[in-house]
Amino acid sequence: MSVQVVLPGVLADLAGGHRKLEVPLGGGTLADLLDALAADHPMLARRIRDETGQLRRFVNVYVDGDDVRFERGLDTTLRDGTQVQVLPSIAGG
Amino acid sequence: MTDLLAIGTRKGLWLARSDDDRRSWTLSEPYLLAQEVAAVSIDTRRPAPRLLAGIQYGHWGPTVMWSDDLGASWQETEQGAIRFPEEAGAALARVWQLRPDSPERADVVWAGCEPHSLWRSTDGGCSFELVRGLWDHPHRPTWEPGGGGAAVHTVLPDPGSDRVVIAMSAGGVYVSEDGGNGWTPRNRGISAGFLPEEPEYGQCVHKVAIDAGDPERMYAQNHGGVFRTDDCGKQWTSIAGGLPADFGFPIVASPRTPGTAWVIPLVADMQRVPPDGRLRVHRTRDAGETWSEFGAGLPDGTWASVLRDAFCADTGDPTGLYLGTRDGCVYASADEGETFTTVAEHLPDVLTVRAARLP
């Protein structure tokens, strides 16, 4: 079982140059996925979550196309084959 | 001898170099482009000078990065140099201050951060440990954020003792005499016009600087008011007489001449622009008893302010001064603030400048 993580180009360097990662995961939640990601790619994981474990304010995560902030957040359930996409929100100046 | 000036802006870091005793400057290409660099330091205690930068990766959060090759390459700690322990229940919001300690404490670097917290590194800034004495201080829950955030923005370790002085917006000045375990508020005499009466702490002190000749003597640019203490903050007295305005952000003390300090006044809290649109530096030679205005080389018709860390001195003789404005101009003085030359124009908002002399 695995989950596909899709990254924006600006984060690819922190994932060995890859924009897509296959993360083996036996079910679980988005939080479990990000924990697994942190084990292999700690700097990448820090860009997505702060040290309290919360998603950074201007980082959006979509699970199979749905914004997790409107789902169950980090408790959103992942299935085999789920695609998790990380995108920067529109912010800045 | 090369003079190096690090310029941290809202969208990157620039380095300026002078090889002719600060008469002319060459500006680098941008480093860390598009990242906010709110804190920068040039640590000259190492065989190769280390640039330390407190950055905000825009969407991706804050951290500390360092370069040992003057910006050509940058490193960061995998897990993050500054990371609140889990039980703190807090997340780093911004690095406001990076301050190398004395040469005798060669690998010690201090960091002042938002939320209000102080950090100490013993490995040159690669990793920091939360100073629990301040984090656990009973006053902390009542410290308010200043307009810029809830930050420890000033960290002043005393090279001759275990004393550390910090300043916070809006917590005021606190002093530790034991390297950071115990902390005492030292704000008596500093006004707080935004409160009904002068409190023990909670003042919005914008910047503090220590006199070159006496570690007990300090200067403070307050959110309304300029003050001096001669007893390490037990009592502060106003030294704003003779200034065109008592509001401003930075204050710089000479590293070599006792009694000498500089401020850059702004009109007032509700009008944070240079008086009459004239950017000017004011210098005291007598610890604030009198002030003289200097502006040769600084612009008229300008309405940009200078933030609390965008003004600094070097260790040269005579002292060099450097200031950066919110409209992206940087000026340097090689004669203790009497005349200035333009180092840069049209950069993003300048948040911090730091200078060093390299052999």
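Rounded if a/c is under 1.5, else prolate if a/b beats b/c, else oblate: with a ≥ b ≥ c from the C-alpha gyration tensor eigenvalues square-rooted, which is the protein assembly as shown? Walk me through the numbers before you get to the answer.
On the way: a/c = 1.99, a/b = 1.66, b/c = 1.20.
Because a/c hits 1.5 or more and a/b exceeds b/c, the protein assembly as shown counts as prolate.
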Any chymotrypsin sites (Phe, Trp or Tyr not before Pro) in the stretch A:1-72 that lie in a DSSP loop and have at most 15 other Cβ atoms within 10 Å would be A:Phe58
Contact order relative to length for chain B, counting C-alpha pairs under 8 Å separated by 6 or more residues, stands in percent at 13
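Are there any GluC sites (Glu not before Pro) in the stretch B:178-239 that are in a DSSP loop and have at most 10 other Cβ atoms within 10 Å? List them by number.
On the way: sites: B:Glu197, B:Glu200, B:Glu216; in loops: B:Glu197, B:Glu200, B:Glu216.
Loop-located and lightly packed - B:Glu197.
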Scalar couplings 3J(HN,Hα) for the stretch B:65-82 by Karplus 6.51 cos²θ - 1.76 cosθ + 1.60 (θ = phi - 60°), nearest whole Hz, x for Gly and Pro, are 10, 9, 9, 9, 10, 6, x, 5, 9, 10, 10, 9, 6, 3, 8, x, 5, 10
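Would you work out if the stretch A:23-93 is rounded, prolate or oblate? Take a ≥ b ≥ c from the square roots of the eigenvalues of the alpha-carbon gyration tensor; rounded if a/c is under 1.5, else prolate when a/b is larger than b/c, oblate otherwise. Intermediate values should be presented prior to the final figure.
Details: a/c = 1.83, a/b = 1.24, b/c = 1.48.
Cα axes put the stretch A:23-93 in the oblate bin.
Find, among the GluC sites (Glu not before Pro) in the stretch B:261-359, those assigned to loop by DSSP (not H, G, I, E, B) with at most 13 other beta-carbon atoms within 10 angstrom. The partial results should precede the final answer.
On the way: sites: B:Glu289, B:Glu293, B:Glu336, B:Glu338, B:Glu345; in loops: B:Glu289, B:Glu336, B:Glu338, B:Glu345.
Taking the stretch B:261-359 and a limit of 13 other Cβ atoms within 10 Å, the loop GluC sites (Glu not before Pro) found are B:Glu289, B:Glu345.
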Given trypsin sites (Lys or Arg not before Pro), DSSP loops and at most 16 other Cβ atoms within 10 Å, the longest exposed-site-free stretch of chain A is A:20-56
A student applying the Cα gyration tensor rule (rounded when a/c is under 1.5; otherwise prolate if a/b is larger than b/c, oblate if not) would label the stretch B:24-155 prolate
The answer for the net charge of residues other than A:Glu22 whose Cβ lies under 15 angstrom from its Cβ, with Lys and Arg +1 and Asp and Glu -1, is +1
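For chain B, what does -39500 (n - 2.57) per DSSP helix run (n ≥ 4), summed and divided by total residues, give at 222 nm, in deg cm²/dmol to the nearest 500? Let's see the in-between values first.
On the way: 1 runs with 4 residues, N = 359.
Dividing the helical sum by the residues of chain B leaves 0 deg cm²/dmol.
Coordinate-derived values only; no laboratory data. Just so it is clear, the model here is predicted, and its values are computed rather than measured. Cβ coordinates were reconstructed from backbone atoms using ideal geometry, including for glycine residues, and neighbour counts include every protein chain displayed.
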